[in-house]
Structures are given as C-alpha cells and as structure tokens.
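First comes the structure, then the notes that go with it.
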Amino acid sequence: MSRQLILPAGAPRPVSYYSHGIRVGAVLYSAGQTARDASGLLVGAGDVRLQAERSFHNLSLVLREAGTSFHDVVRLNIFVRNTRDLPAILEVKARYFKEHRPALTVATVASLAYPEYLLEIEAIAVETR
C-alpha cells in the first residue's frame, strides 16, 4: 500500500521532523494542527476563536492536499487548554463541518507544544469517493 507525505503549500513548516499528514491508501492521518500561519507565526495570541479559525484552516490545507475534505473526516480530536474555551472552538468547528458529525474526542490538557497554543486539532479522514 502506498504512503504519501502531506506537506501542503500555505501551511506552516513543521517545527520538527514530521509531516502535516500521511495518507496510506484511502486513509489520511493528520498531525496536530495549531494556529501558525504560513510563515510560522502564531495567529491570535490569547484569542481562542482566532486560534481555532487558523487551526481549522490549516487542517483544511492538509485535507485538500490529500484529496479529501471535511466530509471525509471520520475522527476528530481537539486538545484544549481551558474547557471554558470549548463553546467558541465548537462554533468554529461547526462552520467547517456543517452537518457532518465525525466521531469527536475533546481532551483538556495542561499544556501543548508551546505555551501560547490554546488548542490543537487532529483528524483521521477516509476518502470514500
């Protein structure tokens, strides 16, 4: 089975040795997506809504590069620093996923890779077309 590393144009460069995603056959596994822009700068310091917007945007770049979409996502994990931020994050999520409802896990964590990150999202997508 073939493997395709996903490194989309417009996404921030990985901060260490990893890919934004890897596609194995019809399945895409994304790395955790955060609120960094294409130049690597944090978007929305201290603002969870702006960070969620950028994180989901970055996920959209990974999905598109892999030939999939939000409709193909079967599993979504959201790691959040503060549960009070969840309503804003889920509001942004709803705009990207519309009526599609993948399996979802939300985990509150003490910290992420960098202290200024308020959330991180990862997904598994299966292309069925």
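The values are calculated or read from the model by the stated rules, or taken from the named source; none is laboratory data. Computed from a predicted structure; not experimentally measured. Because the Cβ atoms are built from the backbone with ideal geometry, glycine has one as well, and the counts that use them run over all protein chains shown. For the accessible areas, the whole protein counts, side chains as well, though only heavy atoms, and no ligand, DNA or RNA atoms are used. Shrake-Rupley method; radii C 1.70, N 1.55, O 1.52, S 1.80 Å.
Just to be sure before I move on: is Val48 under 17 Å from Ile78 (Cβ atoms) and of a type in the set (Val, Ile, Thr) in the structure I sent? Steps first, please.
Numbers: under 17 Å from Ile78 (Cβ atoms): yes; of a type in the set (Val, Ile, Thr): yes.
It is true that Val48 is under 17 Å from Ile78 (Cβ atoms) and of a type in the set (Val, Ile, Thr).
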**Q.** Neighbours by Cβ (under 7 Å, 6+ apart or cross-chain): first from segment 57-78, at pLDDT 95 or above and among the aromatic types (Phe, Trp, Tyr); second part of a loop (DSSP other than H, G, I, E, B) and open to solvent by 20 Å² or more (accessible area, probe 1.4 Å)
**A.** Phe70/His100
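For a quick check of your reading: which strands (runs of 3 or more DSSP E) sit entirely within segment 1-119 and have at least 3 residues that are open to solvent by 40 Å² or more (accessible area, probe 1.4 Å)?
On the way: elements: 3-6, 21-24, 27-30, 73-80, 103-108.
Passing ranges, in order: 3-6, 73-80, 103-108.
Quick one: would you say Ala123 is free of Cβ contacts under 8 Å to residues at least 12 places away in the same chain and closer than 15 Å to Phe56 by Cα? Write out each step before concluding.
Details: free of Cβ contacts under 8 Å to residues at least 12 places away in the same chain: no; closer than 15 Å to Phe56 by Cα: yes.
When the stated conditions are applied, Ala123 does not pass them.
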